[in-house]
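What follows is a single structure, written as structure tokens, with notes after it.
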Amino acid sequence: MQKRFLNEKIHNELVPALEQLVEELPDDLVEFSEVEQVLRVRFLKLAGDMLRGWSEVAVTRISIPGCPSCGNTMRHKGLKPLTLATTLGHVQLRRPRYRCKRCKKDIYPHDQRIRFLSNGVSLVMGKVVCRMSADKPFARAAEDLQEDYGVRLCKQTVEHVAESAGKQINAIEDRRRETIQGLSPGERLSALPGATDTPGKLAVACCDGAMIHTGSKPKYLKNKADKPGWYEVRAASIAIGDPVHDGIEPRCNASEKPGPDSPGPDSPGPDSPGPDSPGRGHHFRMNVLRTRSFARFESVADVGMDMYLRACEVGFFDAPLQCFLSDGAAWLRNIAEEHFPDAIPILDWYHVTEYVCEVAALLFGQGTAQAKRWIESRKAELWAGRIGAALHAITHQRKKDDLTQQQRDALDRTTTYIDGNRDRMQYPRYRELGLPIGSGRAEGLRKTLVEGRCKQSGMRNWTPPGAEGILRLRAARHDGIFNQTWSQYFTPTA
Ligand SMILES: [Zn+2]
């Protein structure tokens, strides 16, 4: 490589430019901010010039395999220009073109290493575009790229770069899942990822649905009409860590008999008032060691397998205490039973209280004192594990003669919900074990991971794979492993 030319360039161009810059700088310390800005802009430009100068003298020889289509020898056809958006600004470079005479096809063998997924951005810039697009709308990412890097990319380009990256990761992970799904249970054991990091004492899995507006139907919904609309992504997270004991966790009354066979009077139990009252006093905190999240338009079978693979990856099954938080929906129960048989299934406390509140509002009027009293009593019973008592109180209301159809439906729905989830509502036991009972985690998944990026105004009409692509990048951010994920999937290789 002709580094001599680069050195000449430094002496002939950069040094005079720097000397002139020094001349232009103001004299007073009060101008600090201005100097900072000027230096940043000018040095960025010099670095961009340097990168372009370097690319002009860099070695372009490269060994070429035959034509990708026919295997024929390819011929060098000179250097072709390429403009790339880089973190040092827009840079023009020239790279060799090779041509297959038989197929009349051109290839640019350097592009695989220079351009990010065949886009007009460098690999390093591609990473910035993806990180920004994971965090904010494409238009805002484009604004920030101009502000921070002096690079002008239109919103559509930003969108295309980020979505293509996310799609690529999803495609690789889908193939991995399909391979594992095709294996026998015995073969699976050796093919699964095993966690090598420090094991955690507590493992929490949770999954929930969230709605996204897309311009077409997600592919996995085979029998539905293809039209724009709101479709459900399934968002899941797997976390392992250690529970944090900060001394404010609730005490559990040891004489309390939780479980389905504990009928009781309609009044709150002895341990209900005070700091231990329902929903309060239970400060579950977890020092998270590792977490993996995702949100996909997928079948239940695929979501289950994706959760399972991530669970293996973080060492979920090595944790002595495992739980699976959900809203009790049938598809989630199936996933829990198939892939997490040893995890304690827990019905999200907030979902239960939603049912109770709905019934109370219909029976006694929204926000009335009577409704509040009724809600507090049912919550106290459920909190204490006295499910029989809560059900008794609900069915008691059902016996009234003057109920509207809406009231009857709500009462029936709530009865079915609570009755069908009895074994997932042993809240005193969960509290005693130090398990989470409200899926602040599932809530966070839905709101932070999905809705924060896909459901704001102006964030409509995603393509399903595009939304999934952005959500894949966002999940890596959410889990605090963006850099790790990036180098896993986008390390330049020959
Ligand atoms: Zn060919």
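Here are the numbers for this structure:
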item	result
Residue list for the stretch 11-32, restricted to those being without any contact (Cβ under 8 Å) to a residue 12 or more places away in the chain, closer than 30 Å to residue 57 by Cα and aliphatic (A, V, I, L, M)	15, 22
Top-ranked residue in the stretch 313-325 [being within 25 Å of residue 178 (Cβ to Cβ) and buried (at least 22 other Cβ atoms within 10 Å of the Cβ); ranked as nearest to the chain's Cα centre (by Cα)]	314
Residue that is nearest to residue 346 (Cα to Cα), among those in the stretch 368-378 that are touching a helix residue (DSSP H, G or I) at 6+ places or on another chain (Cβ under 6 Å) and not β-branched (Val, Ile, Thr)	378
Residue in the stretch 150-161 that is acidic (Asp, Glu) and within 16 Å of the ligand (Cβ to nearest atom) present	no
The listed residue being assigned by TED's automatic domain parsing to the domain that holds residue 236 and closer than 29 Å to residue 201 by Cα, out of 388, 440, 420	440
Which listed residue is under 29 Å from residue 318 (Cα atoms), part of a strand (DSSP E or B) and at pLDDT below 95, from 247, 209	209
Number of the condition not met by residue 183 [criteria: (1) without any contact (Cβ under 8 Å) to a residue 60 or more places away in the chain; (2) surrounded by 12 or more Cβ atoms within 10 Å (Cβ to Cβ); (3) closer than 21 Å to residue 474 by Cβ]	(3)
Selected residue [closer than 30 Å to residue 189 by Cα, modelled with pLDDT of 95 or more and touching a Gly at 6+ places or on another chain (Cβ under 7 Å)] from 344, 335	335
Unmet criterion (only one of (1) assigned by TED's automatic domain parsing to the domain that holds residue 216; (2) crowded, with 20+ Cβ neighbours inside 10 Å) for residue 432	(2)
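The values are calculated or read from the model by the stated rules, or taken from the named source; none is laboratory data. All of these numbers come straight from a predicted model, not from anything done at the bench. Virtual Cβ from ideal backbone geometry, glycine too; neighbours counted across all protein chains shown.
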